[in-house]
Amino acid sequence: MSADAMAVRFSDWITLDAARVRAFAEVTDDWQAIHLDEAFAAETPFGGTVAHGFLTLSMLSAMSYQVTAEDAPSGMSVNYGFDRIRFVTPVRVGSRIRGRFELEDETRGATFTDRHWDVSVEIDGAARPALVAHWITRIYDEDASDAARAG
């Protein structure tokens with residue numbers, strides 16, 4: 001891999017506002033008061049409402065589209081999984097987050113390439129990230145993608 005391919009990449013900042021947190025609660029049925037009830041959450045160690053950890057994690061997809069646009073695959077790309085995920089710091093509702101992506105490795109299969117990313121989600125103004133993870137994305141060759149669409 002080239003040095004450019006290995007360079008650290010950052011997404012744009014994204015605000016996790018109350019509307020996004022409520023929408024996530026709606027689709028996941030996760031109605032915990034720490035996410036939605038400001039009065040309740042103010043009395044917790046968080047000091048206010050915090051975004052769902054899985055909402056923060058799910059933002060990696062949108063963030064990755066920004067940082068991989070110039071080397072987008074011609075075939076289809078899917079989430080293959082995570083080797084590690086740690087939720088390090090809660091994200092207060094209203095905070096801005098961004099993704100930090102570093103391509104650690106690429107492995108080639110018969111009809112695909114797996115990309116191994118070290119990722120973190122930074123919180124604007126915070127010393128520690130919201131989460132750190134090792135994420136694997138799988139990019140199918142164009143011929144394999146065409147066969148899947150036709151199948």
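Just so it is clear, none of the values below were taken in a lab; they were calculated from the coordinates. All values reported here derive from a predicted model rather than from experimental measurement. Cβ sites come from the backbone with ideal geometry, for glycine too, and all protein chains shown count toward neighbours.
Worth a mention:
- Cα-based Rg / Dmax (Å) for the chain: 17.5, 56
- Taking label positions 7 Å along the Cα-Cβ direction at both residue 62 and residue 43, the computed distance is 3.2 nm, reported to one decimal.
- Estimated purely from DSSP H runs of n ≥ 4, each contributing -39500 (n - 2.57), the mean residue ellipticity at 222 nm for the chain is -8500 deg cm²/dmol once divided by its residues.
- Taking 78, 50 and counting other C-beta atoms within 10 Å, the order from fewest to most: 78, 50
- Dipole size of the chain about its Cα centre, with +1 on Lys/Arg Cβ and -1 on Asp/Glu Cβ: approximately 340 debye, rounded to the nearest 20.
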